[in-house]
Structure formats: C-alpha cells, structure tokens
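Working notes, beginning with the structure itself.
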Amino acid sequence: MLKYYLPVKFQCQLVFQLPLREKQHEGQPLLLSGPNILNILLDRGGVPSFCLNKYLRNSLIFYMQHVLIDGIKYDLPALEKDCWHRLVNGAVQGRNPMHNATVANLGEAGINMRTVVLRKVSPIEKRLTFYTDIRSGKWGEIEQDNSISWLLYDAAARIQIRASGLASLHQTDELADLAWSSSNVLNRKNYLSVLVPSAATLNPVSGLIQEMESEEITLEQTEEGRKNFGVITTQIKWMEWLWLNGSGHRRASFVYDEAGKFTANWLVP
Ligand SMILES: Cc1cc2nc3c(=O)[nH]c(=O)nc-3n(C[C@H](O)[C@H](O)[C@H](O)COP(=O)(O)O)c2cc1C
C-alpha cells in the first residue's frame, strides 16, 4: 500500500481504468469522487491523502477541474473564452502566430489545405473569416461542400486550436463591400491578376500586368480587383484546444449549438 497526497484539496477527482472484465466500463475512464469511494485520510498536516493497493495504483490518473497555465487557473468556460481571445488577437495583430492559419476543405481530388490570413473573428457569433479570390479553386469547392476546418498554432504558447464548421461565401453583399473598402492597396493587389489563379503558365508569373507589379499603384487602380474579391466566413460548430506541457499535455473540446452555446469536455491528449 502506498499513500498518495491529493494535489489540490477537494478540487480533484480520481480516474480509474477499470479491469477489462468490468464490461460496462471497458476502455472508458470512470470518474469517481475521491471521498465517496476511497478512504481519504487527513494527514497530521491536514493534507488529504489516500491509500491504494498495487493494482489500482497502476491505473490511477489525477484529475482536476481546471488547468493552470502561467499561474492562471482555467476551467472549461474560461478556456473557451481564452481560445476566442487568442483568435481575436490572431486576426488583429499582424505578427501574431495565429494570424496565418491553415484551412482545409474537401475538394474533388480529396482533402485540400492551404494557408490563409485570419481576417476577422466574431467571438459572439462564433465566426472565423478569411478573404480569397473567387476564381480560386477553394471558392468553387466550398460552393459544392461548405464543411471546412481551421488549424492554428502558437508555438511560443504551445497552444493549438482546431475548429470546424460550415462556410458561407460572400461576394456581392454588404459584408464583402465592407471588407473590400477596408482593405489596403497591398491586400487588394492579390485580386488584380488577369490570369485565373491555379492556371498553368509557361513561365513563373504573378498574373499581374506590368504596371500593377510596381509598388506605387493607387487605391483607385485596385478597384479592378473588386470583382474577384470574396469573403469566406465559417460558422464554428466545433473547437478543440490542445496545450503542450512538459508534465503532461492538456486538451479540451467545445461543441456549439445553433444559439452559439457550447458543451465542453476535457479530452485525453
Ligand atoms: C502566409 C500566406 C497567407 C496566405 N493568405 C491567403 C488568404 O488569405 N487567402 C487566400 O485565398 N490565399 C492565401 N494564401 C495562398 C493560399 O495558401 C493558396 O496558395 C491559394 O489561395 C490557392 O489555394 P487554392 O488553390 O486551394 O484555392 C496565403 C499563402 C500564404 C503562404
């Protein structure tokens, strides 16, 4: 018998992998509240502890209601809020590691992934937005099947966010007009190619006419690109957070309903 000390007083549950012969719980961790099932002892110092036999000791996982990152406690709702906060920062800060994201969809040839700039994040509506050329392959593919997935990673924070949902395409509406009107010359240049994106060429070309390759084009000259400009928003239905941590990674998922309310779970990383 070994004595274990509970890491955080009364904020800890014990998880047991039951023996396989316990068919009803096969492969599933069983959550048990410590004081209910084990003989929790109070040490002389007042620290709760418990005793386990060898068999149970091998299958014990400590379980807490929160995760501690940089001294800050996050429970699931706080973590969800933090994810959206990170995403907002990703959209508004050009040098933020989440400014560039990977977006994947299903095309005719299978899964298609590419880097995009995370342009807008709406934490209330649970939406992520990027801009694209409506002549690009992805626009047509998403018209056919609007399920898309996002992948973002902040290497310094060691946090990965994955999110997926249903995309909607905006080209001639107010949303696209507003996005276009707030784009600068450099961004608008992406929509000025006279050649269709992904068209095969004999030489390495930008697709821009000579004049447009110059840095000094005016905002007025870029108006030509408006007809090629589109906005893709994703209504997020599912989001997952993963934190890499030396003493054990942590992972959680959030599933959103129609009203944007979520149900959350901790997951085994
Ligand atoms: C850092 C970076 C940012 C990019 N941002 C965008 C973007 O916001 N929108 C976009 O359509 N393509 C963007 N691209 C180009 C795409 O990754 C991709 O090459 C292009 O859109 C064609 O993809 P498709 O053939 O799947 O449509 C970016 C590429 C890089 C490397």
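Going down the table (Lys81/Lys120; Lys81/Lys261; Lys73/Lys120; Lys120/Lys261; Lys126/Lys227; Lys138/Lys237), which pairs top 18 Å between alpha carbons?
Lys73/Lys120; Lys120/Lys261; Lys126/Lys227; Lys138/Lys237
Note down the magnitude of the dipole of region 148-269 about its Cα centre, charges +1 on Lys and Arg C-beta and -1 on Asp and Glu C-beta and zero elsewhere, to the nearest 20 debye.
860 debye
Label points 7 Å out from Cα along the Cβ direction at Ser147 and Ala264: separation in nm?
2.6 nm
Mind listing the long-range amide H neighbours of Arg158? Cut-off is under 5 Å, sequence gap 5 or more, other chains count too, H placed in the peptide plane at 1.01 Å from N.
none
Can you list which of the GluC sites (Glu not before Pro) found in region 136-219 are DSSP loop residues with at most 13 other C-beta atoms within 10 Å?
Counting only loop positions with at most 13 other Cβ atoms within 10 Å, the GluC sites (Glu not before Pro) in region 136-219 are Glu215, Glu216.
Show me the trypsin sites (Lys or Arg not before Pro) within region 171-269 that DSSP assigns to loop and that have at most 14 other Cβ atoms within 10 Å of their Cβ.
Filter output for region 171-269: Lys261.
Considering the Cα positions of region 112-191, please state its Rg to one decimal place and its Dmax as a whole number of Å.
Spelled out, the Cα radius of gyration and Dmax of region 112-191 are 13.7, 39 Å.
In whole Å, what is the distance between the alpha-carbon centres of region 204-269 and region 104-164?
Result: 5 Å between the Cα centres.
Through the Karplus equation 6.51 cos²θ - 1.76 cosθ + 1.60, θ set to phi - 60°, convert the phi angles of region 249-260 into ³J(HN,Hα) values in whole Hz; use x for Gly and Pro.
Residue by residue, region 249-260 yields 5, 9, 8, 8, 10, 9, 10, 9, 8, 4, 7, x Hz.
Which net charge results when you count Lys and Arg as +1 and Asp and Glu as -1 among the other residues whose beta-carbon is under 11 Å from that of Phe262?
+2
Would you mind checking which residues have amide H under 5 Å from Ile69's amide H? H placed 1.01 Å from N; only 5 or more apart, or other chain.
Tyr74
List the pair-distance distribution P(r) of region 72-267, using every Cα-Cα distance, as the percent of pairs falling in each 5 Å bin from 0 up to the bin containing the longest distance, rounded to whole percents.
1, 7, 14, 18, 18, 16, 11, 7, 5, 3, 1, 0
Spin-label point model (7 Å from Cα, Cβ direction): what's the Ser214 to Arg158 distance in nm?
5.2 nm
Obtain the nm distance between the two label points defined at Asn203 and Gln171 by a simple spin-label model: each point lies 7 Å from its Cα along the Cα-to-C-beta direction.
My value for the distance between the label points is 3.1 nm.
Each reported figure results from applying straightforward, stated rules to the coordinates on display, with no laboratory input. Source: prediction; values computed, not measured. When we count neighbours, we look across all protein chains shown, and the Cβ atoms used for this are built from the backbone with ideal geometry, even at glycine.
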